[in-house]
Amino acid sequence: MRRIFSAVAAFAFASLCVGADFQAGTVAYDRGDYATALKEWLPVAEQGGPNLHFLLDLYFLIGATYAHEGATQNYAEAARWYRKASEQGHREAQYWLGVAFETGAGIPQDYKEALKWYRNAADQGFADAQYAMGRMYANGSGLRQNYVEAAQWYLQAAAQNHVGSQNALCGMYLLGRGVRQDYSEAASWCKKSANQGDPDAQTILAGFYGIGKGVPQDYVLALMGNSGFVVGRFPPSRAVCDNFGDARP
């Protein structure tokens, strides 16, 4: 009871004591005025917020603001604020810190550190991080290439309707990488992504319908999907499958 009361009191205190500055920063951020957003948020963050949840979210927002294009862009500062939130368990900050390490944005490129932070966020159920883990295993970035492990991570993210992971699974089932080759499974994952509006998946799915692999042949649906595949040629080229769903961090 005391802990619940303390949490409620802390949020109430946050809205009374720092709410105005935070809201002013939020309004500025929403209109793309990142300099003003940082001006409002930084003093609050440096002083320490009234509760940990509020403070970690603020750390993350400051990091995201520094990462935006514009006069205030500073990847080193973005990474520094992401780390402050990451070290205390903020999963979205952990993911973006992993991106910083993978790409070398503001800090030295380090795949092992990227994997560490991706894994921390992925273990908390963050779909983008689960996808990143799958991609790292599939590409052999910072560890031994392992398509079976990649597929397992993709499956976790795909279960949360992560489009990139659904696309990646489509490609893996097409090629039989890390999973048994299965055109029906490939088409199924492709359809899930296509139904979310992904244009690449819609084109690939049109190819399935045009050839009748994994789904009943249906030229109408193939034409509706604006297929780029030649009828009679299946599966699509290995290059297409390799790159399908391979969004960059």
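At-a-glance table
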{"read-out": "Top-ranked residue in region 140-155 [being touching a residue at least 12 places away in the same chain (Cβ under 8 Å) and among the polar types (S, T, N, Q); ranked as nearest to Lys116 (Cα to Cα)]", "value": "Ser141"}
{"read-out": "Candidate set: region 103-126, residues that are closer than 19 Å to Gln156 by Cα and of a type in the set (Lys, Arg); chosen: the one surrounded by the fewest Cβ atoms within 10 Å (Cβ to Cβ)", "value": "Lys116"}
{"read-out": "Among residues of region 46-63, those that are of a type in the set (Gly, Ala, Ser) and buried (at least 18 other Cβ atoms within 10 Å of the Cβ), counted", "value": "2"}
{"read-out": "Residue in region 133-154 that is modelled with pLDDT of 95 or more, within 25 Å of Tyr82 (Cα to Cα) and in contact with a Pro (Cβ under 9 Å, 6 or more places away or on another chain) present", "value": "yes"}
{"read-out": "Tally, over region 37-67, of residues that are more than 16 Å from Glu87 (Cβ to Cβ) and under 19 Å from the mean Cα position of the chain (by Cα)", "value": "5"}
{"read-out": "Lone unmet requirement of (1) in contact with a helix residue (DSSP H, G or I) (Cβ under 8 Å, 6 or more places away or on another chain); (2) modelled with pLDDT of 75 or more; (3) over 26 Å from Glu113 (Cα atoms); (4) outside any helix (DSSP H, G or I) for Gly197", "value": "(1)"}
{"read-out": "Whichever residue in region 64-82 is in a loop (DSSP other than H, G, I, E, B) and not hydrophobic (A, V, I, L, M, F, W, C) and, among such residues, is surrounded by the most Cβ atoms within 10 Å (Cβ to Cβ)", "value": "Thr72"}
{"read-out": "Search result, residues across region 32-65 that are of a type in the set (S, T, N, Q) and modelled with pLDDT of 90 or more", "value": "Thr36, Thr65"}
{"read-out": "Boolean, Gln202 is part of a loop (DSSP other than H, G, I, E, B) and more than 30 Å from Ala79 (Cβ to Cβ)", "value": "no"}
{"read-out": "Among residues of region 200-228, those that are modelled with pLDDT of 70 or more and either crowded, with 21+ Cβ neighbours inside 10 Å or under 9 Å from Cys170 (Cβ atoms) (or both), counted", "value": "10"}
{"read-out": "Residue pairs meeting the criteria (Cβ under 6 Å; at least 6 apart or on separate chains; first in contact (Cβ under 8 Å) with a residue 12 or more places away in the chain, in region 20-41; second hydroxyl-bearing (Ser, Thr, Tyr) and assigned to a helix (DSSP H, G or I))", "value": "Ala28/Thr36; Tyr34/Thr65; Ala37/Tyr29; Ala37/Thr65; Leu38/Thr65"}
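Each row is one residue, and each column tells you yes or no for (1) surrounded by fewer than 22 Cβ atoms within 10 Å (Cβ to Cβ); (2) of a type in the set (Gly, Ala, Ser); (3) part of a helix (DSSP H, G or I); (4) at positive phi.
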| site | (1), (2), (3), (4) |
| --- | --- |
| Leu38 | yes, no, yes, no |
| Leu42 | yes, no, yes, no |
| Lys84 | yes, no, yes, no |
| Gly98 | no, yes, yes, no |
| Phe101 | no, no, yes, no |
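The values are calculated or read from the model by the stated rules, or taken from the named source; none is laboratory data. Since we're looking at a predicted model, the values are computed, not measured. Neighbour counts are summed over all protein chains in view; Cβ atoms, including those assigned to glycine, are modelled from backbone coordinates with ideal geometry.
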